[in-house]
Amino acid sequence: MCGIVGYIGDKLAQPVLFNCLARLEYRGYDSCGIALKGSRLRVYKDVGGVKELERTAPLLEGTAGIGHNRWATHGEPSQANAHPHCDCSGNIAVVHNGIISNFQQLRQQLTAEGHRFASQTDTEVIPHLIEKYYQGNLEAAVIMVLGDIKGSYAIIALVVGEDKLVVARKGSPLIIGLGDRDNLVASDVTAVLDYTDRVIYLEDGDIGVITANSVRVTNGGTEVSRQESRVRWMVEDAQKGGYEHFMLKEIHEQPRVIRDTLIGWGSLAESAVDLAAMCREAESMVMLACGTSYHAALIGKHIVEELIGIRVRAEPASEFNYCHPVLAKTAAMVITQSGETADTLKATQKLKAAGCKVLAITNVMGSSASRLADYTVYTRAGPEIGVAATKSFMAQLMVLYCLMLSSTDAKASRLADLMAGVRQLPEKAQQVLNNESRIEEYAHHLSGYDNAFFIGRGVNFPIALEGALKLKEISYIHAEGYAAGELKHGPFALLRKETPVIAILAHDNTYEAMLSNIKEVKARQSPVIALVEEGDKTVGKLADYVITVPQVAPLFSPVVNTVALQLLAYYAARERGCPIDTPRNLAKSVTVE
Ligand code: F6R
């Protein structure tokens, strides 16, 4: 959602803050701002992106400051609602990520006490509360404020007159980047990679006091020691590396991601021991996630049911939270790239409260999901900056394949075939990428339509959902993913010449039914783009356009089909001139329900 940063040290803070904010822009980007502490506090903020703000900002002196990228939740994107927010005196500034759920009540109280508010945000109550309690010690004032506010937060506060940043975390991520003669604070590590690879992950309830050369953390009034970690990600991982968009770079990184997962299989196998134990004790499994990660869960359901043989419920975490009693004898898996998705975290808490053991699959070290879960498997995607999930989804699929292949008691001959197949996947994904220019041609064609359907069956039904999600979120073409057999139960009413249907086929037990579905669609005049494996002689006679992907075992067909559909969405969006890495209204990490 929002991204927050803080800097204190021996450098001019302004360029550092802008650089960190630019790296965090993928988290939210409707407005942004900075506050610098020199002899007085100077705030500069506006609607729009970091680059625009940097271009128009005057040079603000100061070697300590805070910054914020906003993704509006309370109040429209506007200069007044952009962070940082200040108290009445203009000496205290705060940036905040999260939601203060009791802000209305606090605002009324503060207004009655004479505080004047300049924005519609929930955040603004924080600097006013600090002002109310401040008696020359920012840390003491922040501690009192935390007693008043409810909800979730990562906060950075500064005040004229004290050379420190005071930070606090509850329910929203916050890390401290350790420099030599300076320190940084940010919502995630990608923000600080240009300056340091040494970080501290704060825990819920932590309050930090950060100066240029010291970091002190307390929790519940007691000083605590938080371990320093080295970040494995390199700064180049968070740069475009010559590609026009992060999304395209990340699509192209997928053979590497698949290879890295296979190389790391040994460490995954240890998690598989936990998983196998979980499954042995369980009568069923539940897999929960949101958005693209939910599509990975749906594919995971197929993989587990086929390879492990237990029944799996895969559900959007946001729905799970409001229905179903949880059975204690349920093995549970949550999948979340960011590890911070509010609905997925809430589902994890619900599972744990019901006594389930939870395994989390996440891409972010130290994320909230990894803290809540009993076991964590880290995906090897590296930082994903494009808002649309691509390589993180691939990394999730690969973890699911590897975990289940390590846990299956499938017959030796079948297992040998699958093992051989999975090892070829980096090369197979690369072959799809080698076909990029052909897919670009089809995307050019698709970009002229306003509506599209994606259909698939079995393990490729979730791929239809994912193909449609990718297309709609970055190209703004309205797209629906459907189980191919369901199309005739209503959506047929929408089929006509202007409604292309993208049909995803695999040579498994769904193939014949898919051929029938294509014929039915063609009979309604809709153009069909079919995704089918090389060497298929039948589909070309039925479909208008055929995109071929390399042959793989049907269970692995989501891998090659995903890469093709990502490219299709990417080039359709590019043709339509869309802001591919930062689609409107979306944020990389959705930390509200
Ligand atoms: C779509 C996309 C989102 C995320 C969803 C869950 O391209 O990126 O649908 O998949 O917001 O995010 P995580 O995986 O961080 O829980």
With the cut-off at 1.5 for a/c, could you classify the chain from its C-alpha gyration tensor as rounded, prolate or oblate? prolate
Set of lysines with alpha-carbon distance to LYS350 below 28 Å, sequence-local pairs under 8 removed: LYS150, LYS170, LYS301, LYS329, LYS588
Note down the relative contact order for region 427-581 as a percent, whole number, built from C-alpha pairs under 8 angstrom at least six residues apart. 32 percent
FRET E, pair GLU441, GLN349, Förster distance 35 Å, beta-carbon r, rounded to 0.05: 0.15
The chain - percent relative contact order, Cα under 8 Å, separation 6 or more: 12 percent
Check each of the trypsin sites (Lys or Arg not before Pro) in region 360-420 and keep only those in coil by DSSP with at most 14 other C-beta atoms within 10 angstrom; list them in order. LYS411
Straight-line reach check, LYS51, cutoff 17 Å on alpha carbons, 8 or more apart in-chain or any other chain, hits among lysines -> LYS240
Taking +1 at the Cβ of each Lys and Arg and -1 at the Cβ of each Asp and Glu, which of ALA347, HIS324, ILE210 sits farthest along the dipole of the chain towards its positive end, judged by Cα position relative to the Cα centre? HIS324
Residue among THR510, HIS295, CYS402 farthest towards the positive dipole end of the chain, charges placed on Cβ: THR510
Could you give the nm distance between label points at ARG313 and LYS541, where each point is 7 Å from its Cα heading toward the beta carbon? 4.5 nm
For a test of the definition: using alpha carbon positions, the gyration tensor, and the 1.5 limit on a/c, classify region 244-336 as rounded, prolate or oblate. oblate
What net charge do the residues around SER367 carry, taking every other residue with its C-beta under 9 Å from that of SER367, with Lys and Arg at +1 and Asp and Glu at -1? -1
Expressed as a whole-number percentage, the relative contact order of region 240-423 with C-alpha contacts under 8 angstrom and at least six residues apart is 27 percent
Determine the dipole magnitude for the chain: charges of +1 sit on the beta-carbon of Lys and Arg, -1 on that of Asp and Glu, nothing else is charged, the reference point is the Cα centre, and the result goes in debye to the nearest 20. 480 debye
At most 13 other Cβ atoms within 10 Å and a DSSP loop assignment: could you name the trypsin sites (Lys or Arg not before Pro) in region 1-90 that fit? ARG40
Between region 112-133 and region 218-278, how far is it from one alpha carbon centroid to the other, in angstrom? 39 Å
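Rule-based calculations on the coordinates, nothing more; no lab input. Bear in mind that the values here come from a model prediction, so they are computed numbers and not experimental data. Glycine gets a Cβ as well: all are built from the backbone with ideal geometry, and neighbour counts include every protein chain shown.
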